[in-house]
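Engineer: First the structure, then my questions, so here it is.
Please treat every number below as a calculation from the coordinates, not as lab data. Just so it is clear, the model here is predicted, and its values are computed rather than measured. We place every Cβ from the backbone using ideal geometry, glycine too, and count neighbours over all the protein chains shown.
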Amino acid sequence: MSDFIYAVLHHSFMFNALLTGVLASVACGVVGTYVVSRRITYIAGGIAHSVLGGLGFARYLATVYDWSWLSPLHGAIVAALLASIVIGWVSLKAREREDTVIGAIFISMTPGYNVDLMTYLFGNILLVTGHDLMLIAILDGVIVLTVALFYNKFLAVCFDEEFARIRGINTEFFYLLLLGLTGLTVVILVDVVGIVMVIALLTLPAAIAGHFTRTLW
């Protein structure tokens with residue numbers, strides 16, 4: 001334990017890793033609760049797979065067009081939000097379970113890239129940079145603030161959607177908003193555990209907690 005504390009205090013990458021883990025746990029705890037309650041784990045899985053395409057596309061643009069300001073995580077955010085909207089819309093209109101998997105075709109098209117984007121499949125918390133940490137903190141803030149503002153509406157949509165609709169709540173909007181928050185959480189978790197383990201970290205802790213409490217809060 002003393003060695004760990006020493007490493008955190010004297011090595012910035014260890015401090016970043018610890019802080020990233022804490023921030024990620026906030027997002028997973030908040031959004032994972034709704035994912036489990038609404039039973040949309042399969043949709044979260046589709047969003048998680050689509051993120052890889054966003055990572056590759058962002059790297060493609062940064063390399064080919066010299067957009068040095070563009071980070072793979074920026075592409076992940078866009079891909080996650082777009083996937084959330086498309087999957088949610090199909091689910092609402094077609095009333096079918098839809099798993100969406102987007103291949104990372106732009107990775108193979110990027111000439112001479114020197115960043116192994118496949119590390120995002122499994123994650124590496126020790127490689128989180130200060131810029132990534134700031135982005136994760138901002139996404140965390142957006143998630144917590146949104147849930148705090150619309151807690152009762154999310155609660156109604158998750159447990160009694162028909163009653164919420166009768167009360168005049170725009171259930172479709174809040175369902176899509178919930179999927180958007182799920183997409184942002186997936187982006188946060190990509191740096192921590194990678195795409196492969198996102199679903200486990202997003203759902204299992206919330207599912208286990210559900211056995212010890214009878215309230216969503």
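Engineer: Quick check for me: using +1 on Lys/Arg Cβ and -1 on Asp/Glu Cβ, what's the dipole size of the chain about its Cα centre, in debye to the nearest 20?
Structural biologist: Taking the Cα centre of the chain as origin, the dipole is about 560 debye.
Engineer: Enumerate the whole-percent occupancy of each 5 Å bin, from 0 to the last occupied one, for all C-alpha pair distances of the chain.
Structural biologist: Going out from 0 Å in 5 Å bins, the chain shows 1, 7, 14, 18, 19, 15, 11, 7, 4, 2, 1, 0 percent.
Engineer: Here is a follow-up. In whole Hz, with x marking every Gly and Pro, tabulate ³J(HN,Hα) for the stretch 175-190 from phi via Karplus 6.51 cos²θ - 1.76 cosθ + 1.60, θ = phi - 60°.
Structural biologist: After applying 6.51 cos²θ - 1.76 cosθ + 1.60, I find 5, 5, 5, 5, 5, x, 5, 5, x, 5, 5, 4, 4, 4, 6, 4 Hz.
Engineer: Test of understanding: in a Gaussian network model of the chain with alpha carbons linked when under 10 Å, which of ILE195, ILE43, ILE166 would top the mean-square fluctuation ranking?
Structural biologist: Checking each option, the largest mean-square fluctuation is seen for ILE166.
Engineer: In whole Hz and in residue order, list the ³J(HN,Hα) couplings for the stretch 144-155 that follow from phi through the Karplus curve 6.51 cos²θ - 1.76 cosθ + 1.60, θ = phi - 60°; x for Gly and Pro.
Structural biologist: Per residue, the Karplus-derived 3J(HN,Hα) values read 5, 5, 5, 5, 5, 6, 10, 4, 5, 5, 4, 4 Hz.
Engineer: Once you have the Kirkwood Rh of the stretch 1-44 from its Cα pairs, apply Stokes-Einstein at 25 °C and 0.890 mPa s and quote D in µm²/s.
Structural biologist: 200 µm²/s
Engineer: Let me ask another. Within the chain, what's the longest run with no trypsin sites (Lys or Arg not before Pro) in a DSSP loop and at most 16 other beta-carbon atoms within 10 Å? Give the range, please.
Structural biologist: 98-166
Engineer: Using the Cα gyration tensor of the stretch 154-217, with a ≥ b ≥ c the square roots of its eigenvalues, what is the shape: rounded (a/c below 1.5), prolate (a/b larger than b/c) or oblate (neither)?
Structural biologist: The shape class here is oblate.
Engineer: Please list, ordered by chain and number, the residues whose modelled amide H lies under 5 Å from the amide H of TRP67; skip anything fewer than 5 residues away on the same chain.
Structural biologist: For TRP67, whose amide H was placed from the backbone, the distant partners under 5 Å are ALA62.
Engineer: Tell me, what is the FRET efficiency for LEU149 and SER2 to the nearest 0.05, using R0 = 35 angstrom and their Cβ-Cβ distance as r?
Structural biologist: E between LEU149 and SER2, to the nearest 0.05, is 0.25.
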